[in-house]
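Written out below as structure tokens is the structure these notes cover.
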Amino acid sequence: GIKPDLPPGGTPHSTITLIPSYLYRNLDKIIFDLFTRANAVGDLSTSTSGHTWAGDGNFDIASNTARPNAVALQIPTLGDLASADCVVEVSLSNMSADTDEEVGVIYRYADTSNYWRAYLDDGSNEVILEKVVAGVVTEVASPAWTPTDTAELKVLCQANRHRVYVDRKLVIDQTDAALNTDTKVGLFARSTTVVDFDDFYAQAL
């Protein structure tokens, strides 16, 4: 809010009040996890928003982050947004401790054979957007990416449009109608047991 003050004969000034945007969000459409709970092995348990993780047997809670404990493909899911249109984001760290990790998020998930995934690939130095339909993986986009130790990854998916942001910069903007009615979200990891996931957030649009 902005409140101007124009005193007669005096110097005008304005008071600016910043109000956190989350105060205006519909909490019934939000799923999130800060992972701020006791360390655990093979179990992400219940998220900060009160939703239960599924398919998380190869993820640990370690020092208030989520961390994969196996290098095989991992796609734990958290709840159901009840909307295919969504925003999904996660903070990633300790990526420089590995050389070929693939880490990011999944969305529009129906089952292990049908979902979308967006991730950072340290092996190919790319940001990758892929769809998995009936078990067949199709790469939709793969722009170059310079590996970093930390990154914020966000997907904004509306109707047939898929936008991927890295550190708040738009890097992928594609249209594709596959799986446009599926509504679950989660994490994506492969080829790492050291990368930390934090501040996972998803909202139905």
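A single member of V132, V90, V127 is modelled with pLDDT of 95 or more, open to solvent by less than 10 Å² (accessible area, probe 1.4 Å) and closer than 19 Å to A66 by Cα, and it is V90. Of the candidates A38, A66, A110, the single residue that is at pLDDT 95 or above and exposed (fewer than 10 other Cβ atoms within 10 Å of the Cβ) is A38.
For the residues T48, T77, T11, the requirement of being open to solvent by less than 80 Å² (accessible area, probe 1.4 Å), free of Cβ contacts under 8 Å to residues at least 40 places away in the same chain and farther than 22 Å from S142 by Cβ singles out T48. Taking the conditions exactly as written (out of contact with any Leu (no Cβ under 6 Å at 6 or more places or on another chain), open to solvent by 50 Å² or more (accessible area, probe 1.4 Å), part of a strand (DSSP E or B) and touching a residue at least 60 places away in the same chain (Cβ under 8 Å)), does D173 satisfy them or not? So D173 fails the test.
Looking at A118, A144, A97, which one is in contact with a strand residue (DSSP E or B) (Cβ under 9 Å, 6 or more places away or on another chain) and surrounded by fewer than 17 Cβ atoms within 10 Å (Cβ to Cβ)? Write out each step before concluding.
On the way: A118 fails: surrounded by fewer than 17 Cβ atoms within 10 Å (Cβ to Cβ); A97 fails: in contact with a strand residue (DSSP E or B) (Cβ under 9 Å, 6 or more places away or on another chain).
Among A118, A144, A97, only A144 is in contact with a strand residue (DSSP E or B) (Cβ under 9 Å, 6 or more places away or on another chain) and surrounded by fewer than 17 Cβ atoms within 10 Å (Cβ to Cβ).
Considering V132, V137, V185, V164, which residue is under 23 Å from T48 (Cα atoms), assigned to a strand (DSSP E or B), out of contact with any helix residue (DSSP H, G or I) (no Cβ under 9 Å at 6 or more places or on another chain) and not polar (S, T, N, Q)? V185 is the lone residue from the list that is under 23 Å from T48 (Cα atoms), assigned to a strand (DSSP E or B), out of contact with any helix residue (DSSP H, G or I) (no Cβ under 9 Å at 6 or more places or on another chain) and not polar (S, T, N, Q).
The values are calculated or read from the model by the stated rules, or taken from the named source; none is laboratory data. The shown structure was predicted, so the numbers you read here are calculated from the model rather than taken from an experiment. Cβ: placed from backbone, ideal geometry, glycine included. Neighbour counts: every protein chain shown. To get the accessible areas, we keep the full protein, side chains included, count just its heavy atoms, and leave off ligands, DNA and RNA. Shrake-Rupley method; radii C 1.70, N 1.55, O 1.52, S 1.80 Å.
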